[in-house]
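Asker: After the structure tokens below, expect a handful of questions from me.
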Amino acid sequence: MAPLPLAGASVLLAGATGGLGRALAAECARRGARLTLVGRDAERLAELAAAHPGAATSRLDLRSPEACAEAVGAAVAAHGSLDVVIDAAGVVAFGPVADLDVDTMEELFLTNVFLPMMLSRAALAAMTAGGTGVIVNISGVIAEQNLPGMAAYGASKAALRSFDEALAREARRVGVRVIDARPPHTETGLATRPIAGAAPRMSVGLAPERVAAVICDAIEQGVDDLPSAAFA
């Protein structure tokens, strides 16, 4: 698939106010992208917008097809096209399966699987109009090997990886490249905000800035898969 320079590209960034989202916003802006930043927290989104004066912002909860369509529409309205979608939204839960309630399992799959599926679907129509584009979904290293105490979370990320594998084949036919990114544990702060359970002791993770740089390199260099080894 063809490389896609970020300079001048219209980039829709979901989960923009999170630890990785902020790093991706900064890296994309450094490379000259035109940003549309999407998040749920109005205050944090305003702070991020102040750091990127040329960016468009949309305060949306993307856990519905209507909101995903609205986000895509906002990017096209702000910048005239949509070239790249990066989904950095996500939630995590810890603990044995026996301790997980159904609501937690549903939230994991709604945010980590259905949200990127709905956003990818909404983005495809806008991208195919231009005949090119890149969709980046972040499944993470746990999609390569699940772990005890993270079974439901890992299952949601493995489901996303499987979706990306099939989506990539479909989207390639219309000139859209799909990147499944599987970075190792990254110091985004997500593990300190689980929706259930408590995080086990973890080794120091990667800097979000490092992960953001690798993802942006992949977009610009025509890469179509980012296994955990690519972040070493």
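Asker: Tabulate in residue order the Karplus-calculated ³J(HN,Hα) for region 176-188, using 6.51 cos²θ - 1.76 cosθ + 1.60 with θ = phi - 60°, rounded to whole Hz; enter x for Gly and Pro.
Answerer: Running phi through 6.51 cos²θ - 1.76 cosθ + 1.60 with θ = phi - 60° gives 9, 9, 10, 10, 9, 9, 10, x, x, 3, 10, 7, 8 Hz.
Asker: Using only the alpha-carbon atoms, what does the chain span along each of its principal axes? Please give whole angstrom values in decreasing order.
Answerer: 49, 38, 34
Asker: Report Rg/Rh for region 97-214, rounded to two decimals, where Rg is the Cα radius of gyration and Rh the Kirkwood radius.
Answerer: Numbers: Rg = 15.6 Å, Rh = 15.5 Å.
Computed over Cα atoms, the ratio is 1.01.
Asker: For THR57, enumerate residues with amide H under 5 Å from its amide H, sequence gap 5+ or separate chain, H modeled in the peptide plane.
Answerer: Excluding prolines and chain starts, which carry no amide H, the hits are LEU37.
Asker: Can you list the HN-Hα couplings for region 75-82, worked out from phi with the Karplus curve (6.51, -1.76, 1.60; θ = phi - 60°), rounded to whole Hz and with x for Gly and Pro?
Answerer: Each residue of region 75-82 in turn: 5, 5, 5, 6, 10, x, 6, 9 Hz.
Asker: So how far, in whole Å, is the C-alpha centre of region 1-53 from the one of region 84-130?
Answerer: Cα centroid to Cα centroid, the span is 19 Å.
Asker: Hey, for a label at ARG40 modelled as a point 7 Å past Cα toward Cβ, could you say which residues of region 16-30 have their backbone N under 13 Å away?
Answerer: Residues 16-18 fall inside that zone.
Asker: Continuing with the same structure: Output needed: percent of Cα pairs per 5 Å distance bin for region 174-232, bins running from 0 to the one holding the longest distance.
Answerer: 4, 17, 24, 18, 15, 12, 7, 3, 1
Asker: Once you place label points 7 Å from the Cα toward the Cβ at GLU220 and GLU165, how far apart are they in nm?
Answerer: Distance between the two pseudo-spin positions: 3.1 nm.
Asker: Sum -39500 (n - 2.57) across every DSSP H segment of at least 4 residues in the chain, then divide by the residue count to get the 222 nm mean residue ellipticity, nearest 500. Let's see the in-between values first.
Answerer: Values: 7 runs with 95 residues, N = 232.
One gets -13000 deg cm²/dmol as the mean residue ellipticity at 222 nm.
Asker: Kirkwood hydrodynamic radius, computed over distinct alpha-carbon pairs, for region 35-83: how many Å, to one decimal?
Answerer: Details: mean 1/r = 0.0911 Å⁻¹.
In region 35-83 this quantity evaluates to 11.0 Å.
Asker: Which residues' amide hydrogens lie under 5 Å from the amide hydrogen of SER10, considering only partners 5 or more residues apart or on another chain, with H built in the peptide plane?
Answerer: ARG34, ASP83, VAL84
Asker: Still on this structure, I have one more. Taking H as built 1.01 Å from N, whose amide H comes closer than 5 Å to the amide H of ILE135, not counting residues under 5 places away?
Answerer: Amide H neighbours of ILE135: VAL85, ARG177, VAL178, ILE179.
Asker: Sticking with this structure for a sec: Take the Cα radius of gyration of region 39-155 and divide it by 2.2 N^0.38 Å, with N its residue count; two decimals is plenty.
Answerer: Details: Rg = 16.2 Å, N = 117, 2.2 N^0.38 = 13.4 Å.
Compared with the compact-globule rule of thumb, region 39-155 sits at 1.21.
Asker: Ok, one more. Could you pull out which residues in region 189-232 have an amide N less than 19 Å from a spot 7 Å beyond the Cα of GLN145, following the Cα-Cβ vector?
Answerer: Only 200-206, 226-232 fall inside the zone, counting backbone N under 19 Å.
Only the coordinates and a few stated rules stand behind these numbers; no lab work does. Being a predicted model, the structure only gives us computed values, none of them experimental. A quick note on method: Cβ atoms are made from the backbone with ideal geometry, for glycine too, and the neighbour counts reach across all protein chains shown.
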